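Read through the structure below, which is laid out as structure tokens, and then see the notes.
The values are calculated or read from the model by the stated rules, or taken from the named source; none is laboratory data. Fair warning: this is a prediction, and the values are worked out from it, not measured in the lab. A quick note on method: Cβ atoms are made from the backbone with ideal geometry, for glycine too, and the neighbour counts reach across all protein chains shown. These area figures cover heavy atoms from the full protein model, side chains too; ligands, DNA and RNA do not enter into them. Shrake-Rupley method; radii C 1.70, N 1.55, O 1.52, S 1.80 Å.
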Amino acid sequence: MDTRERILTAALDVYTSHGFRGTTTRRVAATAGVNEVTIFRIFGSKQALLSEALRSPAGADSIGPLPLDVRDPAAALSAWTIDCLRSLGERAPVLRACIGDSAERPEVGEAIAAIRRSLFSELAGYLARLRDAGLVRSSVDLGAVAGMLAATIITDATVRDQAPDILPGHDQAATLYVTVVLTALGVAPRRAAVTPPVRAPAPPSLPDATGA
């Protein structure tokens, strides 16, 4: 790991434990094992350092795309929601620190805003594809539905490790969230294909008792 990466990792660790106010360049330098002057030479300021440190670890770049195929919305949305919950959940301490500082430090709040935008963009695009395929009621506000699920995912990922007794497992939670979304959209659940029953072959006809 080069010096830049060591400093970024140290800054994230210090920030997660101490928040913005407690994250001093001196503390970061000590954690990274570098001179404090090195931090200013590479990043210029504490604000610039934290902005870069939070850009990727906060999780916006870990959100994968929803499929172009809209044949099974329940399966696609559930699988994507599970991935988001797990990926963002791994960053829960960082997310909580960002949320706590976002009111006073807009540059820190940008990390959370980037996640919201990424989630919303993927969901809005997918819901638009459902609408274009004729699967959504015309009166539904797709933006409101996308925003609702995006906010739910962020909230779940942020608090799950602190309130495991009030939230079901990732799979069950994703199913519940997606069911609410599909109900709001008016999307009927996909029905399993019906396999016709297999009929036993008719028994061979017996010869007539009269021999005719």
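Taking PRO93, PRO106, PRO73 as the candidate residues, the one with maximal mean-square fluctuation in a Gaussian network model of the chain, Cα springs under 10 Å, is PRO106.
For the chain, the Kirkwood hydrodynamic radius from C-alpha pairs, put into Stokes-Einstein at 25 °C and a viscosity of 0.890 mPa s, yields a diffusion coefficient of 121 µm² per second. Seen from all directions on average, region 91-174 presents a Cα convex hull projection of 6.7 nm². As a calculated quantity, the FRET efficiency between MET148 and ARG21 at R0 = 41 Å, using C-beta atoms, amounts to about 0.80.
Computed about its Cα centre, the charge dipole of region 37-116 is approximately 200 debye, with only Lys, Arg, Asp and Glu carrying charge at their Cβ. PHE20 sits among other residues whose Cβ lies under 13 Å from its own Cβ, and their net charge, with Lys and Arg +1 and Asp and Glu -1, is +1. Note: relative contact order over the chain, using C-alpha pairs below 8 Å and six or more positions apart, is 20 percent.
Given a 1.4 angstrom probe, I'd like the percentage of the accessible area of region 33-186 that is carbon and sulfur, rounded to a whole number. Here carbon and sulfur together make up 56 percent of the probe-accessible area. Each peptide in 22-30, 4-12 was scored by the mean count of other Cβ atoms within 10 Å over its residues; highest first, the order is 4-12, 22-30. Put simply, when 97-103, 139-145 are sorted by average Cβ atoms within 10 angstrom per residue, most first, you get 97-103, 139-145. Taking every full run of DSSP H in the chain, the ones that stretch at least 20 Å from end to end by Cα along their long axis and average 0.5 or higher on the Kyte-Doolittle scale are 73-89, 142-159, 170-185. Per residue, region 1-73 exposes 54 Å² of accessible surface when a 1.4 Å probe is rolled over the protein heavy atoms with every protein chain present. Judged by the mean number of other Cβ atoms found within 10 Å, the most tightly packed of the peptides 79-91, 122-134 leads the ranking 79-91, 122-134. If you wrap region 5-100 in the convex hull of its Cα atoms and look at it from every side, the mean projected area works out to 7.0 nm².
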